[in-house]
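Below: one structure, written as structure tokens.
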Amino acid sequence: MAQAIPSVLSLENEVFRSFLFYSCILVLKMLFMSPLTGSKRMKHKAFANVEDAKGFNVKPKLDDNVERVRRAHLNDIENIPLFFVAGVLYTITNPSVYLAKMLFLVYTVARVAHTIVYAVVPLPQPARGISWVTGFGITVYMTVMSLIHFL
């Protein structure tokens, strides 16, 4: 028998608590990207805007070290909100506690790994691709399972 939505989206539900925990980690990870971008800009004296560059007496320029962080952040912005939506929908389906917790954990680890291998310590492919595809696959899985549940 299906649980009522209010009880599924309750802190008493271990799946929902786990989803909230990993969502908080992902929010903090995304928030960390702005200061990381700023520190890379300062380190490499790479400012995209004239007014910012003027303050450091340099010309505006792009730098691959800064752009990698920006692209990793953009990738987060494109993918993590979809995980948030898919995670809530999946939680409502009352999934297996173990499976749901593993999906949330692996997704979070994959997104952190994606940032590390893309922007912090760049590694050659397929490191970034594997981390991205892992997160993407989990989001697709949760969405498809939710869709099937709601048919």
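Once the dipole of the chain is set up with Lys and Arg at +1 and Asp and Glu at -1 on Cβ about the Cα centre, which of Ile25, Ala46, Gly135 lies farthest towards its positive end?
The listed residue farthest towards the positive side: Ala46.
Rounded, prolate or oblate: which fits the stretch 45-100 when a ≥ b ≥ c are the square roots of the eigenvalues of the alpha-carbon gyration tensor, with rounded for a/c under 1.5 and prolate only if a/b beats b/c?
Working: a/c = 5.93, a/b = 4.28, b/c = 1.38.
The shape class here is prolate.
Which residue, His44, His73, His114, tops the fluctuation ranking in a GNM of the chain built on C-alpha contacts under 10 Å?
Top of the fluctuation ranking is His44.
Most mobile of Phe136, Phe21, Phe56 per a Gaussian network model of the chain (Cα springs, under 10 Å)?
Among Phe136, Phe21, Phe56, the largest mean-square fluctuation in the Gaussian network model of the chain belongs to Phe56.
Give me the Kirkwood hydrodynamic radius of the chain in Å, from all C-alpha pairs, to one decimal place?
On the way: mean 1/r = 0.0588 Å⁻¹.
Taking the inverse mean of 1/r over all distinct Cα pairs, the chain comes out at 17.0 Å.
Just to be sure I understand the rule: take each whole DSSP H helix in the chain, project its Cα atoms onto its long axis, keep it if the span is 30 Å or more and its mean Kyte-Doolittle hydropathy is at least -1.0. Which ones pass?
14-44, 64-92, 127-150
In the stretch 1-108, which GluC sites (Glu not before Pro) are in a loop and have at most 11 other Cβ atoms within 10 Å, using DSSP for the loop call? Spell out each step's value before the answer.
Values: sites: Glu12, Glu14, Glu51, Glu67, Glu78; in loops: Glu12.
Passing both the DSSP loop test and the Cβ count: Glu12.
Would you kindly state how much longer the chain becomes between Ser39 and Arg17 on full extension, computed as 0.36 nm times their sequence separation minus their alpha carbon distance, in nm to one decimal?
Values: separation 22, 0.36 × 22 = 7.92 nm, distance 3.35 nm.
That pair, Ser39 and Arg17, stretches by 4.6 nm at full extension.
Just how far, in whole angstrom, is the stretch 90-146 from the stretch 41-67 if you go by their alpha carbon centroids?
Using only Cα atoms, the two centres lie 33 Å from each other.
Could you grab the Rg to Rh ratio for the stretch 87-150? Cα atoms only, Kirkwood for Rh. Don't jump to the answer; show the numbers that get you there.
Details: Rg = 13.4 Å, Rh = 12.4 Å.
Radius of gyration relative to Kirkwood radius: 1.08.
Values in this text are rule-based calculations from the coordinates and carry no lab data. From a predicted model like this one, the values you see are computed outputs, not experimental measurements. Glycine also receives a Cβ, built like all others from the backbone with ideal geometry; neighbour counts cover every protein chain displayed.
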